[in-house]
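A short worksheet on the structure shown next.
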Amino acid sequence: QVQLVESGGGLVQPGGSLRLSCAASGFTFSNYAMRWYRQAPGKPRELVAGITSAGGSRNYADSVKGRFTISRDNDKNTVYLQMNILTPEDTAVYYCMARFIYDYWGQGTQVTVSS
């Protein structure tokens, strides 16, 4: 069974940091590009960061560039999102997504940055 399980979300104060993890199983993780999306209530889903299957290329939304870092460990079948200098505008449900011939989605993890 294909599964993507996010963890690491929670409450954090402005300026703080969180590290999200997404553990993958049930498919050949190393074949898949990985992405992090986020969605706040009433707003469209936004692509936050992406990384190619071997980790050789990364891309970021302008709103998080310089603050967030996506990485992956293919030996552990895990993709990460390090989030620094968080602001209330980063509050959203964060989703892990695997992209290849088929696309797979995690259930999401809530990140709340308080004022």
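The values are calculated or read from the model by the stated rules, or taken from the named source; none is laboratory data. If you're wondering where the values come from, they're calculated on a predicted model, not measured in any experiment. With ideal geometry, Cβ positions are generated from the backbone for all residues, glycine too; neighbour counts draw on all protein chains shown.
Laid out as a table, the results:
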quantity: Evaluation of Ser71 against (1) surrounded by fewer than 16 Cβ atoms within 10 Å (Cβ to Cβ); (2) outside any strand (DSSP E or B); (3) not aromatic (Phe, Trp, Tyr) (one fails), failing number; calculated: (2)
quantity: Residue match in region 65-76 (condition: within 14 Å of Thr109 (Cα to Cα), more than 11 Å from the chain's Cα centre (by Cα) and touching a residue at least 24 places away in the same chain (Cβ under 8 Å)); calculated: no
quantity: Gly56 part of a loop (DSSP other than H, G, I, E, B), without any contact (Cβ under 8 Å) to a residue 12 or more places away in the chain and farther than 25 Å from Thr112 by Cβ; calculated: yes
quantity: Residue that is nearest to Asn74 (Cα to Cα), among those in region 1-32 that are under 12 Å from the mean Cα position of the chain (by Cα) and among the aliphatic types (A, V, I, L, M); calculated: Ala23
quantity: Residue within region 13-28 that is part of a loop (DSSP other than H, G, I, E, B), hydrophobic (A, V, I, L, M, F, W, C) and touching a helix residue (DSSP H, G or I) at 6+ places or on another chain (Cβ under 8 Å) present; calculated: no
quantity: Test: residue in region 39-52 that is part of a loop (DSSP other than H, G, I, E, B), crowded, with 18+ Cβ neighbours inside 10 Å, at pLDDT 95 or above and not basic (Lys, Arg); calculated: no
quantity: Every residue from region 74-115 that is aliphatic (A, V, I, L, M) and crowded, with 16+ Cβ neighbours inside 10 Å; calculated: Val79, Leu81, Met83, Leu86, Ala92, Val93, Met97, Ala98, Val111, Val113
quantity: Filter result (among the charged types (D, E, K, R) and closer than 18 Å to Arg67 by Cα) within region 1-23; calculated: Arg19
